[in-house]
1. Quick one: work out the % antiparallel among DSSP beta bridges in the chain, nearest 5.
2. For the chain, with all protein chains present and a 1.4 Å probe, just round the carbon and sulfur fraction of the accessible area to a whole percent.
3. Take the alpha carbon atoms of the range 171-223, find their center, do the same for the range 322-384, and report the distance between the two centers in whole angstrom.
4. Among (1) 0.94; (2) 1.19; (3) 1.10, find the value of Cα Rg over 2.2 N^0.38 Å that was calculated from the structure presented, and write down its label.
5. Quick check for me: using +1 on Lys/Arg Cβ and -1 on Asp/Glu Cβ, what's the dipole size of the chain about its Cα centre, in debye to the nearest 20?
6. In the neighborhood of residue 304, defined by Cβ-to-Cβ distances under 9 Å, what is the net charge if each Lys or Arg adds +1 and each Asp or Glu adds -1?
7. What ³J(HN,Hα) values, in whole Hz, does the Karplus curve 6.51 cos²θ - 1.76 cosθ + 1.60 give for the range 169-183 when θ = phi - 60°, with x put for Gly and Pro?
8. Which residues' amide hydrogens lie under 5 Å from the amide hydrogen of residue 8, considering only partners 5 or more residues apart or on another chain, with H built in the peptide plane?
Amino acid sequence: MTAGRARDTVFRGATVVDGTGADRYRADVRIADGLITEIGDRLDALDAVDADGLVLAPGFIDMHAHSDLALLLEPEHPAKVTQGVTCEVLGQDGLSYAPVDDATLPALRRQLAGWNGDPDALDWDWRGVADYLDRLDRTGVAVNACYLVPHGTLRVLAMGWDDRAPDAAELDRMRQYLAQGLLDGAVGMSSGLSYTPGTYADTAELAELCLVVAAYGGFHAPHQRSYGAGALDGYAEMVEIARRTGCGLHLTHATMNFGVNRGRAGELLDLLDQALADGVDLTLDSYPYLPGSTTLAALLPSWATEGGPAATLARLADPAARERIRYAVEERGSDGCHGVVTDWATIQISGVRAPELADTVGRTIAELAAERGRSGTEVFLDLLRRDELATTILQHVGHEENVRAIMRHPAHTVGSDGLLVGARPHPRAWGTFPRYLGHYARELGVLTLEETVARMTGRPAARLGLHRRGRIAPGHHADLVLFDPERVRDAATYEQPRLPAEGIEYVYVNGTAVVRQGRTTGARPGRALRRTDRGTRAA
């Protein structure tokens, strides 16, 4: 032991998969004071971890997380640390809780109750992006977090919930709020173009805002307009905005779903390859499951949600509006259901807020309708009204061949898109990363172990501008995962979605163990990772 050296930890005999995609190698790796300090052979240490037979990888980065409130309510964050996640990207799908003011926050809380809950016990003591990031730091959280300024939240703040284009003054307000959020440390902007009010924005509005994002070195992360009948047109619109503005583009939960897109992932990948060949700065993420997950209210046609949650609930009680909704979802294809006619057999209730509706969880709308002798649309509308729009669902509309094709693309990274609330949330919230490692890499060989790790670590870190994270190299931050490559797997199921992964032995965030010998430690060493005004992220 060298005299005067800070207390350190050495992982002895680890199989190092360094996050670059390079071949694995065997080595000892030393960490001290939150950094990787040395890679070598037979390193001495005050504290040694026997890593023989285990893979040492950089900590996993969840490029699409919905932990905006979960990190404040359960800051030890077992859903993610037990998967090996050491950093999450929040503020997704164009809707979150900053920037807000006293007038807009209540409606946003109501709008997002199905995603994040609406806890009265939480002290909602922030308004701007800087305030929210500071709140994460004051709370003390288990993982690092980056934030995207949500376009829909900007729209509510600047012009309310109206279905129209902004006037010049409103657009300028959105630009100003966005610029301030980026100066406060956000890494870019998200948009949710099938959710109210983002769905009301046209291409020109988004392009104007992407010019601001580009000027600050950020990227645009859209939930684009359709993953069903209009999927390819929706992706093409996002690519064209990136091409026109020079703004980086990260396609979140990149999928091709519903019967109209079976076997068509290749068409999407051709579009992306052409964009990359043209010089568009483009990445994407996906989750390794077939069903999607969202709120039941998301299936409503966009006109039915204009004006915000209170106006939506009023329409659900109006017979004429209910009939218009029925026609949209049953006959024409609602834009809320991605332009396809809703198949109630594919819509499964995963969570409710009202206790009297608990017996609907795990059931499909079709099953509930048959049991009650009613139409699927009647059950749908009544559930929304009785649960005040807070119902969450699984949507069984994916295709395995599309999932595998998209995950093979070299611009691919990993995002869980996991909702953490509800009685039976999607298991991707607890299982995404080990499912890639176990099922798709080890069992199916869709990707090599080295490629899988690179898509979880080095490549997302590069997209986020985390220049000293996502790799195992001296001087990099000690965000690390030690796992058994033969045992790692997702244990979470649709029936028991909150089971922690198997085979994840140790997880370190900023050099502190948050998982040790497969068990959470309760440590909270994570912090908000802020973008600086020079277009890079804080170390």
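The values are calculated or read from the model by the stated rules, or taken from the named source; none is laboratory data. These numbers come from a predicted model, not from an experiment. Neighbour counts run over all protein chains shown; Cβ positions are idealised from the backbone, glycine included. The protein model used for the area step is the full one, side chains on, heavy atoms only, and it has no ligands, DNA or RNA in it. Shrake-Rupley method; radii C 1.70, N 1.55, O 1.52, S 1.80 Å.
1. That works out to approximately 55 percent antiparallel.
2. Heavy-atom surface of the chain belonging to carbon and sulfur, 1.4 Å probe: 47 percent.
3. Taking the Cα centre of the range 322-384 as reference, the centre of the range 171-223 is 32 Å away.
4. The value matching this structure is (1).
5. That gives the chain a dipole magnitude of about 660 debye.
6. +1
7. Each residue of the range 169-183 in turn: 5, 5, 5, 5, 4, 4, 4, 5, 4, 5, 4, 5, x, 5, 5 Hz.
8. 46, 47
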